[in-house]
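Derivation of every value follows stated rules applied to the coordinates shown; laboratory data play no part. Predicted model only: the values in this text are computed from it and were never measured. Quick reminder, even Gly has a Cβ in these numbers, built from the backbone with ideal geometry, and neighbours come from all protein chains shown.
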Amino acid sequence: MSNPASVTGAVLDCAGRALELSRPQVMGVINVTPDSFSDGGTLYAGDALDLDLALRRARAMVDDGAAILDIGGESTRPGAAPVTPGQEMDRVLPLLERIAAELDVVISVDTSTPDLMLEAANRGAGMINDVRALTRPGALAAAAATGLPVCLMHMQGEPGSMQVNPSYGDVVAEVVAYLEGRVAACVENGITTRRILVDPGFGFGKTVAHNMALLAGLSRLAERGWPVLVGLSRKSMIGKLIGRDVDERLPASLALAVMAVERGARVVRTHDVRATHDALAMWSALGETITQ
Ligand code: 7PJ
């Protein structure tokens, strides 16, 4: 499990759906929050989530090539209002049920809340994506009980304050060591490495320099053998580096996605599924051409 070849051939069992990781896959972001940073509120009519609109958005992402849809009901944007477990479940579960009933796709739930992990698994989720890497009390046990694959993300600090003064010695080494520790905690709790993905957590308690060092050194994480997921789509590092507003960050996001895949990432989390799918399809096509 510690060489990249094991990732190349990896297939994740996501509640009976096989997720093939021999080529990079696209995870489409669906935020059911009134306040997420790049698309918050776009699925809302006033205070209420427009389920039909959200389902149309989900269907379009599947048609555009998303292998996974990631539904999140908590905004982790610094300064976002905290959400209670009950609110989070009320936001996520109705849409999850509709998608599970109507679309053929792996549904990931972007949550740190143990009760939501369990309930989502009962209603058709195929993956758990936790930006807190199962550190909330009860999260390891809940994720283990679901039997689903889990994505463990690195974050320094907590969302509210993580961007205040992020600091590292060797950021790549520290992120790899942290994720190693979380993988070990998972294994101790009965989550086998075949169910684990890891994510360096771009933008979560990191300066632009930290993010770029992590991207440049991403292969050091990929070499550990766990499938690597990355979220770079529209992130503020792009704004800081080249001065683009959030709705002007697609070209830079595509470049970052390809650079990440080149360094071993196998799942790319994005708001822009069609464009990201096409960019990664070109990457895969070149690989196939070279090996012919
Ligand atoms: C990430 C995420 C990420 C994973 C968010 C945003 C902020 N989950 N959830 N990785 N980002 N695994 O979409 O920009 O980078 S929320």
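The table that follows gives values for the structure above.
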| item | result |
| --- | --- |
| Assigned charges on the beta-carbon of Lys, Arg, Asp, Glu; the stretch 11-291 dipole about Cα centre (debye) | 560 |
| Rg followed by Dmax, in Å, when the stretch 233-292 is reduced to its Cα trace | 12.5, 41 |
| Using θ = phi - 60° and Karplus 6.51 cos²θ - 1.76 cosθ + 1.60, couplings along the stretch 46-53 (whole Hz; Gly, Pro as x) | x, 8, 9, 5, 8, 4, 5, 5 |
| The stretch 57-193: C-alpha gyration tensor shape, a/c 1.5 cut-off, then a/b vs b/c | prolate |
| Distribution of pairwise C-alpha distances over the chain, 10 Å bins, in % | 7, 30, 40, 21, 2, 0 |
| Given charges at beta-carbon only (K, R positive; D, E negative), |dipole| of the stretch 94-228 in Debye | 160 |
| Net dipole in debye of the stretch 178-224 [+1 Lys, Arg Cβ; -1 Asp, Glu Cβ; about Cα centre; nearest 20] | 60 |
| Radius of gyration and maximum dimension Dmax of the stretch 190-252, Cα, Å | 13.8, 45 |
| Under 5 Å, built H, 5+ apart or other chain: amide partners of residue 131 | 111 |
| J(HN,Hα) series, the stretch 88-97, from Karplus relation 6.51 cos²θ - 1.76 cosθ + 1.60, nearest Hz, glycine and proline x | 4, 5, 5, 6, 8, 5, x, 5, 4, 4 |
